[in-house]
Structures are given as structure tokens and as C-alpha cells.
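The next block holds one structure in the form of C-alpha cells; read it before the comments.
The values are calculated or read from the model by the stated rules, or taken from the named source; none is laboratory data. Just so we're clear, the structure is a prediction, and the values are computed from it rather than from any experiment. We place every Cβ from the backbone using ideal geometry, glycine too, and count neighbours over all the protein chains shown. In case anyone asks, the SASA skips ligands and DNA or RNA and just uses the protein heavy atoms, side chains included. Shrake-Rupley method; radii C 1.70, N 1.55, O 1.52, S 1.80 Å.
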Amino acid sequence: METKKELRKQILQKRDALSLQERRKKSQTIIQTILSTQVFQNSDTFLLFASYKSEVDVKKLIESVLQMGKALYLPKVVGEDMEFYKISSVVELSDGYCGIKEPKANVCQKFIVKKEETIFILLPGAVFDKQGRRIGYGKGFYDRFLQKLEKEVPKSNLCKMAVAFSCQIVDNGRIKWEEHDISPDYIVTEEEIFHCTM
Ligand code: ADP
Ligand code: MG
């Protein structure tokens, strides 16, 4: 089996090869699909991310959540960990880790789990399979954050939804699964929505 690193590199090259126009169109389709799901509509609190490089562009999803007046948090890398901070406007973001837009920790409120709230978390990633195995960017930020989150939030109050272009979905069996890896409940691509079984 190829290593995680080799597979990540190969798939990110494919993603990078999509034209800006293709990425825009596919991203728009993905966002429309997410907005139409019950789990999205039924959630109170949203943990999204600011897209980086050739990732699915979720800026319009961020704007939609803000327009809906729901609680929105974006990640910020703090030392070895990732923390989420609340924003009420995109002007509260500035260039952070690897040039990714992050909330300003000095002005934004840190995310802490409130009792009974339903949380929707959007996961980025490099490679996925249909069952929900995920390869991130190699630092395990989401694996570690989700491990903590899952201890604090009942399963029924948490929805983990990943976004990817179809070219990032590989056949079952190609992704080496490690004990610490955490799977999404759903993966949304421009073609399909996968309900994961991992
Ligand atoms: P990614 O998911 O970003 O592709 P990996 O799954 O390879 O990256 O994880 C990167 C590093 O983070 C690994 O060395 C792994 O041991 C560490 N890691 C991931 N999750 C945890 C966790 N829950 N507790 C401790 N270390 C973790
Ligand atoms: Mg991992």
C-alpha cells in the first residue's frame, strides 16, 4: 500500500490541476447541497473553516451562516492545537497559520461547548474514501480537536460533514487507517453525498 504521504501528494496534485472556474462551479454545487441538508438546517452552532489553496471554496457557506444569524466559529492554530473562535463578520479575520484566514484571538470569543446545543462541524481534508477514512494535511489538527469534542458532545448533537471534490475520493482500501483518525459522518462532493460507515 502506498503511504499516506504519497497518496496525499498524488491527490493534491489532481486537486491543484482543477481550473479556478471548475473549482468555483463545483464549490457552489457542494455548498447548495450542504444548505439543503436537514443536519445543516437543524444545527445551532457552526464550526467551519476558511478555505486554503485549492480546497473546496466555502466562503459562501460562511456568509450564509452569518446571514442566518447562527453562531459561527472558525479555527485558529495555537501552538500544537487548533481552537475555534466566534466571528460575526469576515472583517474579524486576518492572515494566520500558513497564510490561512483566522479569527483574531484577542477580539473573538473562544468556542466552548454549551449544554444541549447542536453542533455542525465542517472538515477539510486531502483524501477520503466513501466509508469515511480521511487523510488531512499531516498535522492531525482535526483528529485531535474532534477527539476532545466527541468527549464533550453527545453523538446525537454533533454532525461532522466533510467537503471534497470528486477527484479526492479514492477506492476503499487505499487509505491506511490509524487508531487516532476520526471520520466524518458525511462527505459532500459536487456529485454525491456519502453517508459514512466508519
Ligand atoms: P492528518 O490526519 O492531518 O493527515 P495524521 O492522522 O497522520 O495527520 O496525524 C498527524 C499526527 O498527529 C500523528 O503523529 C498522530 O500521532 C498525531 N495525532 C493525531 N490524533 C491524535 C490524538 N488524538 N492524540 C495524539 N496525537 C494525535
Ligand atoms: Mg489523521
Checklist line | Identity of the residue in the stretch 43-56, within 16 Å of V188 (Cα to Cα) and either among the β-branched types (V, I, T) or within 16 Å of ligand 2 (Cβ to nearest atom) (or both), that ends up surrounded by the fewest Cβ atoms within 10 Å (Cβ to Cβ) | finding: F49
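Checking the conditions here, which among K14, K25, K9 is within 16 Å of ligand 1 (Cβ to nearest atom), modelled with pLDDT of 95 or more and among the basic types (K, R)?
It is K9.
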Note to self: Can you find a residue that is open to solvent by less than 50 Å² (accessible area, probe 1.4 Å), more than 14 Å from A162 (Cβ to Cβ) and away from ligand 1 (no atom under 16 Å from the Cβ) anywhere in the stretch 126-144?
What the structure shows: no
Next item on the list: For the stretch 123-132, state whether one or more residues are among the charged types (D, E, K, R) and under 25 Å from S27 (Cβ atoms).
Entry: yes
Item checked: Qualifying position, being more than 16 Å from ligand 2 (Cβ to nearest atom) and touching a residue at least 60 places away in the same chain (Cβ under 8 Å), among F145, F194 -> F194
Notebook entry, point to check: Restricting the stretch 145-187 to residues that are of a type in the set (F, W, Y) and within 13 Å of ligand 1 (Cβ to nearest atom), which is least open to solvent (accessible area, probe 1.4 Å)?
Noted result: F145
Checklist line | Residue among M161, M198 that is more than 21 Å from D57 (Cβ to Cβ) and not basic (K, R) | finding: M198
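This table checks each residue for (1) in contact with a helix residue (DSSP H, G or I) (Cβ under 9 Å, 6 or more places away or on another chain); (2) among the hydrophobic types (A, V, I, L, M, F, W, C); (3) more than 16 Å from ligand 2 (Cβ to nearest atom).
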{"position": "K151", "(1), (2), (3)": "no, no, yes"}
{"position": "S166", "(1), (2), (3)": "yes, no, yes"}
{"position": "V170", "(1), (2), (3)": "yes, yes, no"}
{"position": "I182", "(1), (2), (3)": "yes, yes, no"}
{"position": "E190", "(1), (2), (3)": "yes, no, yes"}
Next item on the list: Kindly indicate whether any position in the stretch 101-109 is modelled with pLDDT of 95 or more, under 23 Å from S64 (Cα atoms), more than 14 Å from ligand 2 (Cβ to nearest atom) and charged (D, E, K, R).
Entry: yes
